[in-house]
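Quick note: the coordinates plus some simple rules give every number you see, no bench work behind them. Computed from a predicted structure; not experimentally measured. Every residue, glycine among them, receives a Cβ derived from its backbone with ideal geometry; neighbour counts consider all protein chains shown.
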Amino acid sequence: MRRSGLHPSIESDYEAMSRRAAEVILQSLREAPNLLLGAATGSTPTRTYELLAEAARREPETFSQLRVFKIDEWGGLARDDPGSCEAYVREKLLRPLGVTDDRYCGWNSRPDDPPAECARIEQWLAEHGPIGLCVLGIGVNGHLALIEPGEALQSGPHVAALTPTALAHPMLAGSRTAAKFGLTVGMRDILTSRKLLVLVSGERKAGQVRRLLQDPVLSTAFPASFVHLHSDVLILCDASSANWHTFTQWPST
Ligand code: PGA
């Protein structure tokens, strides 16, 4: 049997995947009320965050110490641009969960000095990290956060050159200005999180799921492959992104 900290699970559909993901986050919060949640944005975690918002209406005290860290951002967009990760995190997480600014850290999307902004985030993580539970999606190009495929990976927070695939992300379709670069945590920041929760939904991600589970080879051309280095990864897929053959080959855990 292959030894791996990666636990894949297929849920029947997007709703079921989101319910399971929300339950995992709630469980982590019950175990550690001041959890530092690494928050991915994009379409995949949206329903999960809505379910957390419903939980917060029922039991606001569960979220009273929660801390949120926005793992990436589109550089060059205004903070309130509807396509920015900032606008998403504020609307989907901070407001509904009642997370106050002192319990939140996020990238400035328009820094005067991007390397200095990376240093600020690095310092913040050194003081307040590590991330307790990092919610991640996988890009159609295999990226994690905005760690893009390439010849090399950077360990810490960095400015990323965006691939055409990332620039075609639906989040940017309605933005007022074009993204110029990515601002993202590095692979070390992801891998030092206590737990990773990777969410994958939709047929367009089926190739990435197959690649992740059938070719567990680390490659900077496929940043998501690096989750194999982590000892506690739950990957939740909905049926349309999963290929049963891939899963039946994976040892049960
Ligand atoms: P998505 O984005 O959830 O909108 O598919 C994921 C990503 O590109 O990282």
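In terms of packing, defined here as the mean over residues of other Cβ atoms within 10 angstrom, the peptides 52-58, 154-160, 64-70 line up highest first as 64-70, 154-160, 52-58. Look at the Cα gyration tensor of the chain: its axes a ≥ b ≥ c give a/c under 1.5, and that counts as rounded.
Here's the picture: charge each Lys and Arg Cβ at +1 and each Asp and Glu Cβ at -1 in the chain, and of 66, 241, 157 the one pushed furthest to the positive end of that dipole is 241. Does the range 121-229 classify as rounded, prolate or oblate by the C-alpha gyration tensor (a ≥ b ≥ c root eigenvalues; a/c under 1.5 gives rounded; else a/b over b/c gives prolate, otherwise oblate)? Oblate, because a/c is 1.5 or more while a/b does not exceed b/c. Near residue 17, once Lys and Arg are set to +1 and Asp and Glu to -1 for all other residues with Cβ below 12 Å from its Cβ, the sum equals -1.
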